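Below: one structure, written as C-alpha cells.
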Amino acid sequence: LREELSINGSSKQIRSVAAAIMAEPFIEVKADDFAADMICLRNGVLNLHDFQLYEHSPRYFLTWMMDVNYMGPQPCPTCDFFFEYAAGGNPVLIQRNWEALAYAIIPDDRAKRFILLMGLGDTGKSVWGDLAASFFMPEAVGSVDIFHLGDRFSLSTLVYKRLNISMDL
C-alpha cells in the first residue's frame, strides 16, 4: 500500500498497517512451512532430509529455482574423477569438495557461506567455480571481486544472486 498511502496517508499509517500484519497469527510462517531444507527444481520440490520429490506448491516459501530435473540418486563419474584429481586422491579433500559444493547450492540462508579454494595454478579451482555456477541460471550468479566487496554500490550487483564467484585473489 506504499503508493496509495503516499497519496492520502502518512508514515504513521504505514507503521499501523505493518503492526496489524505482524499481529495477525494466520499469516505467520511456521517452521514446518518454511522450506529452508527444500530445493525447487523444474519437476518439483526436493526435500533434502528424505530426498522425496513433492509437487510445486505455494505452501513452500521458495524464492528461486534450479533449472534442472531431479532424477534420483545418479552416479557421477566425471565429478568423482575431477574431485579425486583436484584433491590428489586425498579422501578428506574429496569429501570437502563435495561438502563445499553442497553448501554452495543448498538454499538455506540461515548461515552465510564462504568457500576459499587454494592451490597451485591449473589444479581445477576455476573448473570448480564453473561447476558450482552451472547449477544456477546465469542471472543468479554474480562476480564481484573479493577486494571490491566493500566498495560503494558494489553489493548492489549481488541483489537476487544466489552465488558470487571471485576466482582471482
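Annotations for the structure displayed:
- Working note: Karplus 6.51/-1.76/1.60 with θ = phi - 60° gives region 125-138 the couplings 5, 5, 5, 4, x, 5, 4, 4, 5, 5, 7, 10, 5, x Hz, where Gly and Pro are set to x.
- Heavy-atom accessible area ranking, 1.4 Å probe, most first, across Arg15, Arg113: Arg15, Arg113
- Applying 1/(1 + (r/R0)^6) with r as the Cβ-Cβ distance of Ser57 and Met118 and R0 = 41 angstrom yields a FRET efficiency of 0.45.
- Cα gyration tensor shape of region 58-121, rounded if a/c is under 1.5, else prolate or oblate by comparing a/b with b/c: oblate
- Charged-residue dipole, Cβ positions (Lys, Arg, Asp, Glu), region 41-138 about Cα centre, Debye nearest 20: 260
- Of the whole protein surface, Leu155 contributes about 100 Å² of accessible area at a 1.4 Å probe radius.
The values are calculated or read from the model by the stated rules, or taken from the named source; none is laboratory data. The model shown is predicted, which means the values in this text are computed figures rather than measured ones. For neighbour counting, all protein chains shown are included, and Cβ atoms are generated from backbone atoms with ideal geometry for every residue, glycine included. Accessible surface is based on the protein model in full, side chains and every heavy atom, while ligands, DNA and RNA are left aside. Shrake-Rupley method; radii C 1.70, N 1.55, O 1.52, S 1.80 Å.
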